[in-house]
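Inspection log for the structure reproduced underneath, given as structure tokens.
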Amino acid sequence: MKYLVTILSLWALFVSCNSTEGENREQQVVALEDEMIGFFQETLEKNFGRNDAVDVFVRGMMRFDYNYQLEVDRKELWKINKKLYDGGWMFSYFLDNRSLIDSCNVRLFVPEGMPMSRFMQSDKYRKAMEEVKQRRENGGYVNVSIVSDSVKYVTEKKKISGMVLPFLKESPHGFTYWQRELARTSHPALQKLRETEKVVGMPPFSLVWGMLSENAQNICSDFSTNRDVQLYLTLYFWNYLCHFGNFDFHSGKSRAAILAAELRNSL
């Protein structure tokens, strides 16, 4: 009998510890999500100066061929992004080891049929060069590539527009963004995206951008009131923010340092 009581006591303690750990993880996930959402919203409002900044941001990116330059608080972005990896389990909740498009490159897309000389006299080119100059003066490594060939244009544009997180990641414990949140969403736009992702096995960026550009099922306008939409779009664009924060999304390291090391290794 004494042994039975001891075993039951140990089991109760084990269950209690697991329950507390689960609650702590839940609280940490919610806290980090709130930080990410808040930072994303504040960044857009700072750049656009209005509350419906998500819709304006999306339309701006469509108009500027996904090469829209954002003013980003790099230090704050880095501090939040670092929390994705501390302890390891946050990484497994949001991410996997998939390599995402992330670099110090500024890609300028020359519209098909436009002569290079004419493009280099355009406001878009001058604005981009001013941004590059400022980033270099601030000590950042920035490589400028001008994409004029039509096939390469489409390929490179697709890379930028397809910078997304692997939302379909699952774990045996059922504790990932897909399992805990996206699979349970009631928002019609996210339900449509969720069902499409289940079929194709990856985030359908072409569908996402089509819906965003048309504000289909209020996916942009509901950002201000619907937390599921807030989190989905924040995660969708998070590595885009890191791209313009000039550090590697997965490691948090300076892109300049990474590129310099790659250059040294290639010599």
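The values are calculated or read from the model by the stated rules, or taken from the named source; none is laboratory data. Just so you know, these numbers come straight off a predicted model, no measurement behind them. Quick reminder, even Gly has a Cβ in these numbers, built from the backbone with ideal geometry, and neighbours come from all protein chains shown.
What tally of residues in the stretch 209-229 results from selecting those that are buried (at least 20 other Cβ atoms within 10 Å of the Cβ) and of a type in the set (Gly, Ala, Ser)?
0
Tell me, yes or no, whether the stretch 200-208 has at least one residue that is modelled with pLDDT of 80 or more, surrounded by 19 or more Cβ atoms within 10 Å (Cβ to Cβ) and touching a helix residue (DSSP H, G or I) at 6+ places or on another chain (Cβ under 7 Å).
Checked the stretch 200-208: at least one residue is modelled with pLDDT of 80 or more, surrounded by 19 or more Cβ atoms within 10 Å (Cβ to Cβ) and touching a helix residue (DSSP H, G or I) at 6+ places or on another chain (Cβ under 7 Å).
Looking at the stretch 168-215, which of the residues that are within 23 Å of residue 61 (Cβ to Cβ), of a type in the set (S, T, N, Q) and part of a helix (DSSP H, G or I) is farthest from the chain's Cα centre (by Cα)?
If we take residues in the stretch 168-215 being within 23 Å of residue 61 (Cβ to Cβ), of a type in the set (S, T, N, Q) and part of a helix (DSSP H, G or I), then 196 is farthest from the chain's Cα centre (by Cα).
Looking only at the stretch 76-99, how many residues end up being crowded, with 17+ Cβ neighbours inside 10 Å and at pLDDT below 65?
Residues meeting the conditions: 0.
Any residue that is of a type in the set (Asp, Glu) and modelled with pLDDT of 80 or more - is there at least one of those in the stretch 164-173?
Checked against the condition, which is being of a type in the set (Asp, Glu) and modelled with pLDDT of 80 or more, the stretch 164-173 yields at least one hit.
Any chance the stretch 52-75 includes a residue that's modelled with pLDDT under 80, in contact with a Pro (Cβ under 8 Å, 6 or more places away or on another chain) and not acidic (Asp, Glu)?
no
Can you pull out every residue in the stretch 24-66 that is polar (S, T, N, Q) and crowded, with 17+ Cβ neighbours inside 10 Å?
If the condition is that a residue be polar (S, T, N, Q) and crowded, with 17+ Cβ neighbours inside 10 Å, then 41, 43, 47 are the ones that fit.
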